[in-house]
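Asker: Once you've had a glance at the structure underneath, I'll fire off some questions.
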Amino acid sequence: MEKIIIFDTTLRDGEQAPGGSLTAQEKLEVAFQLEKLGVDVIEAGFPVASPGDFKAVLEISKAIKKGVICALARCLKSDIEAAYEAVKKARHPRIHIFLATSKIHLQYKFKKAEDEILDIAVNATKMAKKLCSDIEFSPEDATRSEHDFLYRVIEAVINEGAKTINIPDTTGYTYPQEMYSLIKDIKNNVPNINEVVIAVHCHDDLGMAVANSLSGVLAGARQVHCTINGIGERAGNASLEEVVMAIKTRKDVFGSLYTSINTKEIYRTSRMINNLTDFVVPPNKAIVGRNAFAHEAGIHQDAVLKKHSTYEIMDPHDVGISSSRLVLGKHSGRHAFRERLKTLGFHLNDERLNKAFTRFKELADKKKDIYDDDLRAIVEDEIRVIKPLWQLNSFEVTSGTKIKPRAIVYLNKKSKSFNVVSSGDGPVDAVFKAIDKITGYKAKLNDFRLEAVTSGKDALGQVSLKLKIGDSVISGRGSSTDIIEAAVKAYLDAVNKLEAK
Ligand code: KIV
Ligand code: ZN
C-alpha cells in the first residue's frame, strides 16, 4: 500500500480567491474540521500578505495537533521569515516557496534570465532550509516551462534540501496525458528526484484539474494539492472530495494507492466551506452537490432500490451524507437535540447549544416536522463565529398589489435600541433600506438568492446575498420560515461581518 499525501490549500489558494475571504477565527474553525477530515498538510495561508493572514497561520499552528502546517512564501527574505515566524509553533512546520520558471513569467513578470532565476531559487531554498527542515518548492507555471530549465531548477533546489517538489499547473492549461508525461519526464531527467516527494497542484480553467491531478498520481506524484469543493483562483483548484473518492472508488486503476482521509467527514466539511465562503456548491457538483446521489428517473429509482450499485458507484454514507430524515418535533427535548447534532457532527459548547436550541424551538412552533437539513441550517446560522454587533429585534412589513411596500425595523446594538420606517420597491427592499438608515451604511445589493432548505410549504428559506459597501464586497446568509426575516438576517450577517473586519 502506498499513501497519497493530501495537501489541502483551501485556506490559502481557496481563501485568496475573490469571495473566499475568511476571518482568522473562521480559518481556525475550518482548520479544526480539516484535521478531523484527516488531511496530511494544511496550507494555512500566506503570512506576509497581511497581518490577518499571519495571525490566522500562527493560531492554526498553535492549535492543530495532527499533520503538517504549511505557509506560503515567495523567494524573498521577508516572505520566508514571515512564513517561518507564523508556522514555527506547529508540531510539524513547513515552508512552501514558489518562483515562476516559464519563459513568459521570466520575460514579463521578472525581466530576468534563466540563470538569475536559478540563483534566486537556490538562495531562497538555502535561506528557508536554515529556518525549517521541511521545505516544499514550487516552480510556478511548471506546465508551461521549458523542460530543460525546469529540470535544472528542480535538481538545484533538491540539492539545497527541498523535500517536496510541487508541479503547479498554475493557469489550468495542461491536459491529462501531458501531465502524465511531464511527471514521467521529471522522474527520468532529474538525477536526484528520488530523494523527494513529487506533488501536483492543478487549476481548473479547462475543467481538468482533477483529471490532471490523477494523471500526475498515475505517473508517480505522491502528494496532491486540492481544496474543499474545488474553490480557488478563477475556476478553482482540484477538488479534494473528487480526488479522494476517485482513488477510493477506482481501486482497479489506483491499485494499492490510498489516502488517509476520513471520507465520512467530506460532506460536513463541504457544507462548512459552502456556508462560510461565497462559493455555493452547485446542485450537480460531483460528490457533494445536492443532486449527486439523487435519482429522478423512475427506471433508475427502481433499479437502485433493487441493487444500489446499478446506478450508484459510491455509497452516500461513505461521504457522510445521510438521507434527510424526519428527526425532531416540537416536543423533542434538549438531550435529543444535542444527540442528533452530535450524529450530524456538530459539537457545540453550552452557549452555542443553548442558542441553537432556542432557534430550534422557535422553528418547531412554526414548522411541524424538522429534518436534518433544517437542523444543519439553523446550527450553521448559530455557529457563525462573528459576534453580531447589530441584532434583529423585530420587524413589520406591509405590502400588496395596490400599496407601496413599507417596513419598520427594530435593531439592537449593544444595549441600545433603534427603529426606523422605510418604504421600498418591494418588502425586501423596504427592510434593507430601513437597515441602511439605522446602520448608516450605503450598501448596494450585488447578489440575492433564496433557496428552500427542505421541501414543503413550511420549509426553511435560506437567503444568500452579497453587499457592496464602499470597496468591500461582503457575503451574508440567513434562514427562517419567513423569507423576509431570512433576508433581514442575511443582510445583517453581511453588515456584521464588515463591522468585525
Ligand atoms: O497555482 C500556483 O501556481 C500556486 C503556487 C503558489 C503553487 O498556487
Ligand atoms: Zn494555485
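Asker: Can you go through A356, A336, A303, A294 and tell me which one is out of contact with any Asp or Glu (no Cβ under 9 Å at 6 or more places or on another chain) and surrounded by 15 or more Cβ atoms within 10 Å (Cβ to Cβ)? Don't jump to the end; show me each part of the working.
Answerer: Numbers: A356 fails: out of contact with any Asp or Glu (no Cβ under 9 Å at 6 or more places or on another chain); A336 fails: surrounded by 15 or more Cβ atoms within 10 Å (Cβ to Cβ); A294 fails: surrounded by 15 or more Cβ atoms within 10 Å (Cβ to Cβ).
A303 is the lone residue from the list that is out of contact with any Asp or Glu (no Cβ under 9 Å at 6 or more places or on another chain) and surrounded by 15 or more Cβ atoms within 10 Å (Cβ to Cβ).
Asker: Out of K129, K187, which single residue is within 13 Å of I97 (Cα to Cα) and in the same structural domain as G14 (by TED's automatic domain parsing)? Break it down into steps so the answer makes sense when it comes.
Answerer: Numbers: K187 fails: within 13 Å of I97 (Cα to Cα).
That would be K129, the only listed residue that is within 13 Å of I97 (Cα to Cα) and in the same structural domain as G14 (by TED's automatic domain parsing).
Asker: State whether one or more residues within the range 251-258 are away from ligand 1 (no atom under 14 Å from the Cβ) and crowded, with 20+ Cβ neighbours inside 10 Å. Break it down stepwise before answering.
Answerer: Our first condition is that a residue be away from ligand 1 (no atom under 14 Å from the Cβ); within the range 251-258, this holds for 251-258.
Still in the running and crowded, with 20+ Cβ neighbours inside 10 Å: none.
Taking every residue of the range 251-258 in turn, none turns out to be away from ligand 1 (no atom under 14 Å from the Cβ) and crowded, with 20+ Cβ neighbours inside 10 Å.
Asker: Which of (1) in contact with a helix residue (DSSP H, G or I) (Cβ under 6 Å, 6 or more places away or on another chain); (2) among the aromatic types (F, W, Y); (3) closer than 29 Å to A17 by Cβ does Y175 not meet, given it meets every other one?
Answerer: (1)
Asker: From the list V420, V431, pick out the single residue that is within 12 Å of F395 (Cβ to Cβ), outside any strand (DSSP E or B) and open to solvent by less than 60 Å² (accessible area, probe 1.4 Å). Quick ask: steps written out before the conclusion?
Answerer: Details: V420 fails: outside any strand (DSSP E or B).
Only one candidate passes the filter, namely V431.
So that you can scan it fast, the table gives a plain yes or no per residue for (1) of a type in the set (K, R); (2) under 23 Å from the mean Cα position of the chain (by Cα):
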{"residue": "R376", "(1), (2)": "yes, yes"}
{"residue": "Q391", "(1), (2)": "no, no"}
{"residue": "T398", "(1), (2)": "no, no"}
{"residue": "Y410", "(1), (2)": "no, no"}
{"residue": "K416", "(1), (2)": "yes, no"}
{"residue": "K437", "(1), (2)": "yes, no"}
{"residue": "A459", "(1), (2)": "no, no"}
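Asker: When you go through (1) of a type in the set (D, E, K, R); (2) over 20 Å from the mean Cα position of the chain (by Cα); (3) within 16 Å of ligand 2 (Cβ to nearest atom) one by one for K112, which number turns out not to apply?
Answerer: Failed condition: (3).
Asker: If you don't mind, another one. Return yes when A490 is part of a helix (DSSP H, G or I), of a type outside the set (D, E) and either within 30 Å of N291 (Cα to Cα) or in contact with a Ser or Thr (Cβ under 7 Å, 6 or more places away or on another chain) (or both) and no when it is not.
Answerer: yes
Asker: Separate question: Just need a number here: residues in the range 389-407 that are in contact with a helix residue (DSSP H, G or I) (Cβ under 7 Å, 6 or more places away or on another chain) and either under 19 Å from A490 (Cα atoms) or not in a loop (DSSP other than H, G, I, E, B) (or both). Before the answer, list the steps.
Answerer: Filtering the range 389-407 for residues in contact with a helix residue (DSSP H, G or I) (Cβ under 7 Å, 6 or more places away or on another chain) gives 389-390, 392, 395, 397, 399, 405-407.
Now narrow it down to the ones that are either under 19 Å from A490 (Cα atoms) or not in a loop (DSSP other than H, G, I, E, B) (or both): 389-390, 392, 395, 397, 406-407.
Selection size over the range 389-407: 7.
Asker: Within the range 203-226, how many residues turn out to be buried (at least 24 other Cβ atoms within 10 Å of the Cβ), outside any helix (DSSP H, G or I) and more than 15 Å from ligand 2 (Cβ to nearest atom)?
Answerer: 1
Asker: Which one of V122, V68 is more than 29 Å from the chain's Cα centre (by Cα), of a type in the set (A, V, I, L, M, F, W, C), in the same structural domain as F32 (by TED's automatic domain parsing) and more than 26 Å from A235 (Cβ to Cβ)? Give the derivation first.
Answerer: On the way: V68 fails: more than 29 Å from the chain's Cα centre (by Cα).
Only one candidate qualifies: V122.
Asker: Just to be sure, is N229 surrounded by fewer than 23 Cβ atoms within 10 Å (Cβ to Cβ) and not in a loop (DSSP other than H, G, I, E, B)?
Answerer: Numbers: surrounded by fewer than 23 Cβ atoms within 10 Å (Cβ to Cβ): no; not in a loop (DSSP other than H, G, I, E, B): yes.
No.
Asker: Considering each of V200, V157 in turn, give the residue that is within 16 Å of ligand 2 (Cβ to nearest atom), at negative phi and touching a strand residue (DSSP E or B) at 6+ places or on another chain (Cβ under 6 Å).
Answerer: V200
Asker: For the range 10-41, name all the residues that are under 22 Å from I474 (Cα atoms) and within 16 Å of ligand 2 (Cβ to nearest atom).
Answerer: T10, L11, R12, D13, G14, E15, Q16, A17, P18, G19, G20
Asker: Then there's this: Which of (1) away from ligand 1 (no atom under 16 Å from the Cβ); (2) closer than 22 Å to E43 by Cβ; (3) loosely packed, with under 14 Cβ neighbours inside 10 Å is the odd one out, the single condition R234 does not satisfy?
Answerer: Every condition holds for R234 apart from (1).
Asker: If a residue has to be open to solvent by 10 Å² or more (accessible area, probe 1.4 Å) and aromatic (F, W, Y) to count, how many in the range 448-501 make the cut?
Answerer: The qualifying residues number 1.
The values are calculated or read from the model by the stated rules, or taken from the named source; none is laboratory data. Quick caveat: nothing in here was measured; it's all calculated off a predicted structure. Ideal geometry is used to build each Cβ from the backbone, glycine not excepted, and the neighbour counts take in all protein chains shown. Remember, those area values only see protein heavy atoms, side chains included, never the ligands or the DNA or RNA. Shrake-Rupley method; radii C 1.70, N 1.55, O 1.52, S 1.80 Å.
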